[in-house]
Every structure is written in C-alpha cells, then in structure tokens.
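The values are calculated or read from the model by the stated rules, or taken from the named source; none is laboratory data. The shown structure was predicted, so the numbers you read here are calculated from the model rather than taken from an experiment. Cβ coordinates were reconstructed from backbone atoms using ideal geometry, including for glycine residues, and neighbour counts include every protein chain displayed. Just so you know, the surface numbers come from the protein's heavy atoms only, side chains and all, with ligands and any DNA or RNA stripped out. Shrake-Rupley method; radii C 1.70, N 1.55, O 1.52, S 1.80 Å.
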Amino acid sequence: MKFSLIMATLDRFEEVRSFCEVLSKQTYKDFELIVVDQNPAEGLTDILAPFLKEFPLIHIRSDKKGLSLNRNTGLQKASGDIIAFPDDDCLYNEDTLEYVARRMKVVNADYFCVNWHDTTQPQAYQCVREETTEIKKRNFLDVGSSITLFVAKSVIEEFSFDEQLGVGAKYGSGEETDLLLWCLSKNARCICDGTYYIHHPYKKSLEINEKRSYSYALGYGALMKKAFSVYHLYFVIGKFLFALLKNMLGMIISPRRKHHFIAFKGKIAGFISYKQGDCRWQFLK
C-alpha cells in the first residue's frame with residue numbers, strides 16, 4: 001500500500017521540518033507527502049528542499065486560506081492507496097506507517113485511527129479508546145481526529161471536504177467527523193486502535209481565545225445539523241440537546257461560565273445557520 005500524506009499548513013515552519021525529518025526515518029518507505037502551503041511568502045521552500053531527495057514530496061502553493069479547502073487541493077494530487085491528513089504540528093513515530101499498513105490489513109479496515117498524546121506532557125492525551133473498537137454510527141462522535149486517521153482512497157474517491165467546515169471556515173470544526181460519517185454512509189469498515197499513539201501538542205480549551213472557541217462551537221452545531229439532515233442520523237438530536245444542557249449547567253455552577261456561554265451560543269447558531277445547499281452534498285438528498 002502506498003500512503004499519501006496531505007498536510008495543509010500555515011504559519012508553521014520548524015514543525016514542518018520536524019515532521020519531514022521523522023518521515024525520512026520511516027521504516028515503511030512507500031509514501032508521498034503533499035504539502036499545501038498557505039503561507040504568503042516562500043518560507044517553506046528552503047525547509048522542504050533537502051527532503052526532495054529523501055522521499056516523494058509535492059509542494060503546492062495556495063493563495064486561499066482554509067483547512068478543508070486546501071485539503072481538497074491536496075486530494076486532487078494524491079496517488080496513494082491510503083490517505084492521511086497529518087497536522088502541521090504533529091509528529092509520527094518512526095514506525096507509524098509500517099504499523100498502520102500492517103494493522104489495516106489485519107483488521108480489514110477502510111478507515112483506521114489511533115490515539116494521540118503530547119510527549120512533552122505525558123498526562124495530556126486523547127484516549128478515544130483503550131482497545132481496538134469498530135466505529136459505528138452510534139459512536140461516531142467519540143473518534144475522528146484527523147491527525148490520527150488513515151482512510152482507503154477507494155472509499156473517498158467521490159468525497160471532498162465540506163469547505164464550510166474546519167479551521168479558516170465559518171464553522172471552525174467538524175470536517176474530520178464529516179469524513180468519518182461519509183465513510184460510514186458508504187458501509188466502510190471503520191476501526192479505532194486505542195493501543196497506539198502519535199504525538200500532537202495539547203492545548204487546553206482555556207488557552208483558546210473566545211473567537212476560536214465560538215468558531216469550534218459553530219462547527220459542532222453545523223455538524224449536528226448535517227448529521228441529522230444529510231446523513232439522517234436522527235438520534236443526534238438527543239446528543240445535541242444533552243451537549244446544550246451541559247453548557248447550561250456550566251453557566252450556572254462552573255467557574256468557566258463564560259466558556260460555557262460561548263459554547264452554548266455557538267452550538268445553537270451553528271445548528272440554525274448551517275445550510276446543506278451551500279456545499280457539494282446535494283446529491284445525497
């Protein structure tokens with residue numbers, strides 16, 4: 001299997017260099033890196049140049065901002081059998097691609113994800129599962145971080161990221177879970193392996209500014225609207241109302257009242273304002 005790793009990047013340089021250094025040491029060699037560069041200047045060109053001799057590397061300059069939009073640009077160039085979407089500040093282990101290639105075959109997965117942790121803060125990690133679990137529609141909200149997912153290209157041949165969702169768009173999250181929902185709608189076998197970790201910096205929600213917190217909440221509301229109206233997962237209404245209830249209680253009893261108010265307001269606004277007709281999914285009606 002050949003991997004296509006699509007990295008949309010903005011304002012990160014040394015992190016990209018570090019990721020490329022780890023790629024050059026991968027024990028599994030059949031991969032390509034596609035860097036979609038949103039930086040206004042040529043800063044990444046010199047950083048990427050030494051790695052052109054190490055592995056196949058495609059450097060695309062983009063004058064448009066937006067995570068989903070630029071991942072779609074990368075998808076158009078991908079030639080691999082397995083597609084991944086590493087963040088520009090994450091790090092694989094030297095055996096990551098070898099491990100994923102082996103495990104995807106063993107568990108017969110079309111969509112495969114693992115856990116992440118911050119190696120500089122051992123207590124900070126995302127534990128989506130502590131064992132290998134099959135992802136179904138009922139538990140799709142528990143997984144889906146794009147930095148840890150690998151998906152068969154055959155499943156997403158007709159897929160494009162919803163450019164309304166994701167960092168840099170109106171609705172600042174949800175694009176990766178939308179991809180998972182697409183795979184589930186195609187009856188793909190989706191597996192989460194909770195026994196393996198890759199590195200990603202941990203950011204506490206309190207460190208995220210109010211504007212970004214509101215954008216994330218908008219994304220959650222929009223995703224719930226899309227899960228309901230496009231994928232016809234009617235049970236998400238209960239999950240959505242429960243999330244709002246938690247924020248309401250937080251506004252009353254939590255010292256982070258402002259955070260809960262922003263999240264509550266954003267989730268409702270995202271659910272109400274998201275329109276299916278604004279994106280490329282009309283054929284799913």
Expected output for segment 65-92 (first residue in contact (Cβ under 8 Å) with a residue 60 or more places away in the chain, partner of a type in the set (Asp, Glu), Cβ below 6 Å, 6+ apart or cross-chain) is SER68/GLU163; SER68/GLU175; LEU69/GLU163; ASP88/GLU15; ASP89/GLU15
Counting only residues in segment 98-130 that are in contact with a Ser or Thr (Cβ under 7 Å, 6 or more places away or on another chain) and modelled with pLDDT under 90, the one nearest to PHE240 (Cα to Cα) is identified as GLN126
Cβ pairs under 9 Å, 6+ apart or interchain, first in segment 41-56 and within 14 Å of LYS25 (Cα to Cα), second among the polar types (S, T, N, Q) and open to solvent by less than 20 Å² (accessible area, probe 1.4 Å), ordered by first then second residue, are PHE55/GLN26
For GLY80, the lone unmet condition from (1) at pLDDT below 95; (2) out of contact with any Pro (no Cβ under 7 Å at 6 or more places or on another chain) is (1)
- Might you check whether a residue that is modelled with pLDDT of 95 or more, under 19 Å from LYS2 (Cα atoms), open to solvent by 20 Å² or more (accessible area, probe 1.4 Å) and touching a Leu at 6+ places or on another chain (Cβ under 8 Å) occurs anywhere in segment 58-66? yes
Quick count over segment 131-167, residues being of a type in the set (Asp, Glu) and crowded, with 19+ Cβ neighbours inside 10 Å, is 2
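Please enumerate the residues belonging to segment 206-250 that are hydroxyl-bearing (Ser, Thr, Tyr), open to solvent by 50 Å² or more (accessible area, probe 1.4 Å) and assigned to a helix (DSSP H, G or I).
Scanning segment 206-250 gives TYR214, TYR216, TYR220.
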Do we have any residue at all in segment 255-264 that's among the aromatic types (Phe, Trp, Tyr) and outside any helix (DSSP H, G or I)? no
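Residues are listed down the side, and each one gets a yes or a no for (1) closer than 30 Å to ARG212 by Cβ; (2) modelled with pLDDT of 95 or more; (3) in a helix (DSSP H, G or I):
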{"position": "SER154", "(1), (2), (3)": "no, yes, yes"}
{"position": "GLU158", "(1), (2), (3)": "no, no, no"}
{"position": "SER173", "(1), (2), (3)": "yes, no, no"}
{"position": "GLY194", "(1), (2), (3)": "yes, no, no"}
All-but-one check, LEU218 against (1) among the hydrophobic types (A, V, I, L, M, F, W, C); (2) without any contact (Cβ under 8 Å) to a residue 40 or more places away in the chain; (3) in contact with a strand residue (DSSP E or B) (Cβ under 9 Å, 6 or more places away or on another chain), failing number (2)
